[in-house]
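Single-structure report; data block below.
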Amino acid sequence: MDGPAESPADVQALKRQAIVREAREHFVTEGYTATKMEPIARAAGVSTATIYSLFGGKSELYSAVIDEACDDFTRRMESIRAIDGDARETLTSFAEDYADFMGDPFVRSVFRLVVAERTRFQEVALRFFNHGRAEVGLTLIDLIRRLSADGELKPIEHPSWAAGHLVGMIEHPTFFVNLVTGDQIRIRRNRKQIVDDAVETFLARYGA
């Protein structure tokens with residue numbers, strides 16, 4: 001027996017999902033200007049009229065792609081919220097997940113796209129930045145506050161500064177070097193060494 005038929009809303013949602021997925025690949029690989037609606041429609045299995053009916057135009061589709069990437073990033077970072085343990089365990093777990101996230105070539109490709117189009121889409125770029133700061137920065141700040149309150153870290157007057165110190169030690173080798181060089185330079189330290197060094201340096205400064 002066949003299952004229940006999909007509602008029109010479900011069909012529209014599936015079409016929208018397919019369009020955003022294919023548009024993301026085109027924007028990332030070709031850039032905003034070179035991306036055309038017709039190839040996206042063919043890859044998504046819809047008509048160009050469907051794209052325009054759902055998004056209005058290419059700029060609205062670009063905005064939807066970046067917003068969807070933000071949501072994807074949030075889902076991938078949610079596991080960090082459940083961390084529980086002493087300072088080294090907690091910070092190492094956070095640092096490992098964050099290093100994996102920032103070291104993902106797809107994540108870098110989205111950042112490159114946002115940076116390349118920031119003058120054209122300033123509001124989208126600002127929303128992207130604020131979203132990342134809230135999802136990652138506030139999560140780590142909350143962890144640092146908890147560890148400090150539990151006596152695992154020293155009393156920290158500015159938890160946001162401490163959070164910036166830790167993520168900066170992770171972001172530079174796993175993200176910014178490759179972002180700037182186009183993945184042409186290989187960092188000598190592996191991911192585990194980067195994480196261990198960052199946590200050790202952080203605890204030397206802030207450990208109780």
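The values are calculated or read from the model by the stated rules, or taken from the named source; none is laboratory data. Note that the structure is a prediction, hence the values are computed from the model and not measured. Every residue, glycine among them, receives a Cβ derived from its backbone with ideal geometry; neighbour counts consider all protein chains shown.
Before moving on, here are some points about what is shown:
- The lone exception for residue 97 - which of (1) at pLDDT 90 or above; (2) surrounded by fewer than 20 Cβ atoms within 10 Å (Cβ to Cβ) it fails: (1)
- 3 or more residues in contact with a Lys or Arg (Cβ under 7 Å, 6 or more places away or on another chain): qualifying helices (runs of 4 or more DSSP H) within the stretch 119-208: 191-206
- Which listed residue, of 169, 102, is assigned by TED's automatic domain parsing to the domain that holds residue 74, within 23 Å of residue 64 (Cα to Cα) and in contact (Cβ under 8 Å) with a residue 12 or more places away in the chain: 102
- Selection status of residue 50, outside the structural domain of residue 71 (by TED's automatic domain parsing) and under 26 Å from the mean Cα position of the chain (by Cα): no
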